[in-house]
Structure formats: structure tokens, C-alpha cells
Amino acid sequence: MVIAVGGWLAFGGVDNVSGLVTAARTPTADSSSAAFSFCGADRHVNCVVDGDTFWFEGEKIRIADIDTPELSPPRCEAERIKGEAAKARLLALLNAGKFSLSAGLRDEDKYGRKLRTVTRAGRSLGDTLVDEGLARRWDGARHGWCG
């Protein structure tokens, strides 16, 4: 490794450092997409489970940066209504165009769901749900939605 870096520096590598740093910061183009629907009892392909969970290409994804109201089961009618709205909005957001998935510090949660941040054009879809009052930023704990 030391020899490789030394060779790189000896043959003009120093002049290319700023270009490599810029390239490392440049976000990749959104490349994921699918036609999403709502999940059913036996449907787990490119579908939305609730406001922060969906299936994509055979993997169950939990949106890592948000928490939305529970639907299975909701603890009150207000939670059910807001949970259904979050679920419908996530469906619309996922179907609105290409997106990117990125892993954070943990690859998956205790339920085996992949923990991913979902972005489009560098903006978190979770932030959109938070801005619209359909989600909260994930702080490591679930909080009630019933008042």
C-alpha cells in the first residue's frame, strides 16, 4: 500500500488530490426506480408497507431518518388517519421518479429490515414527510401519535 501511494505521489498524484476530493463529494445520480403499490397479505415486491417501510427488489427497507405513525396496529384513530396519509404520501414519493438508497451506521434493524436513507436529487424523502407533518425525525425511540 505504501509503495502504491508513493508511486502515485511521484507521478503527479499531488496535483490530482483536489480533483479526487471533488469527485468523492459529488453525489451519484439517482438510479433506482420501480412501480410501487401498497403491500398486501402476500404481496412483498416493490410495495409500501407503511409511511416508513417498503419492499424494493426483494428487500424490506426501513427509512432510517424518520418515524411515522403505526398502522399495525394503530393505538388510536388519529394515529391511524395520519399513518394512512403517510403511507399514501410515501407511495406517491417513491413513484415520482428515480431515487437513491444509502446505508448509515447500521445496515439493518433488529427485525432484519435494511436501514436506508432515501433521497432524490440529494434531498431526503424523509425530510419531505417531516416537512408535511407526516413523520418525525428518528431520534432512536418511538413516540406516540395519539396526543
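Brief remarks on what is shown
- Among (1) more than 13 Å from the chain's Cα centre (by Cα); (2) of a type in the set (Asp, Glu); (3) within 20 Å of Ala141 (Cα to Cα) - the single one Glu77 does not satisfy: (3)
- Set Gly58, Gly83: member being at pLDDT 90 or above, closer than 20 Å to Thr119 by Cα and of a type in the set (Gly, Ala, Ser): Gly58
- Counting only residues that are open to solvent by less than 40 Å² (accessible area, probe 1.4 Å) and more than 24 Å from Ala34 (Cβ to Cβ), the range 103-134 holds 1 of them.
- So Arg137, is it open to solvent by 70 Å² or more (accessible area, probe 1.4 Å), over 20 Å from Phe38 (Cα atoms) and at pLDDT 95 or above: yes
- Verdict on Ile63 being over 21 Å from Asp127 (Cβ atoms) and at pLDDT 95 or above: no
- Any hit, the range 19-30, residues being touching a strand residue (DSSP E or B) at 6+ places or on another chain (Cβ under 7 Å), open to solvent by 80 Å² or more (accessible area, probe 1.4 Å) and modelled with pLDDT of 90 or more: no
- Scanning the range 119-143 for residues that are part of a helix (DSSP H, G or I) and within 12 Å of the chain's Cα centre (by Cα) turns up Leu125, Gly126, Asp127, Thr128, Leu129.
- Scanning the range 92-102 for residues that are over 15 Å from Cys39 (Cβ atoms) and either open to solvent by less than 30 Å² (accessible area, probe 1.4 Å) or assigned to a loop (DSSP other than H, G, I, E, B) (or both) yields Leu93, Ala96, Gly97, Lys98, Phe99, Ser100.
- Hits in the range 31-55 - residues which are β-branched (Val, Ile, Thr), open to solvent by 30 Å² or more (accessible area, probe 1.4 Å) and at pLDDT 95 or above: Val49
- Scanning the range 63-91 for residues that are in contact with a Lys or Arg (Cβ under 9 Å, 6 or more places away or on another chain) and either open to solvent by 10 Å² or more (accessible area, probe 1.4 Å) or in a helix (DSSP H, G or I) (or both) gives Ala64, Asp65, Glu70, Leu71, Pro73, Pro74.
- Residues of the range 87-103 satisfying the condition of being touching a residue at least 40 places away in the same chain (Cβ under 8 Å) and under 14 Å from Cys47 (Cα atoms): Lys87, Arg89, Leu90, Leu91, Leu94, Asn95
The values are calculated or read from the model by the stated rules, or taken from the named source; none is laboratory data. Owing to the predicted nature of the structure, the values given are computational and were not obtained by experimental measurement. Because the Cβ atoms are built from the backbone with ideal geometry, glycine has one as well, and the counts that use them run over all protein chains shown. Accessible surface areas use protein heavy atoms only, side chains included; no ligands, DNA or RNA. Shrake-Rupley method; radii C 1.70, N 1.55, O 1.52, S 1.80 Å.
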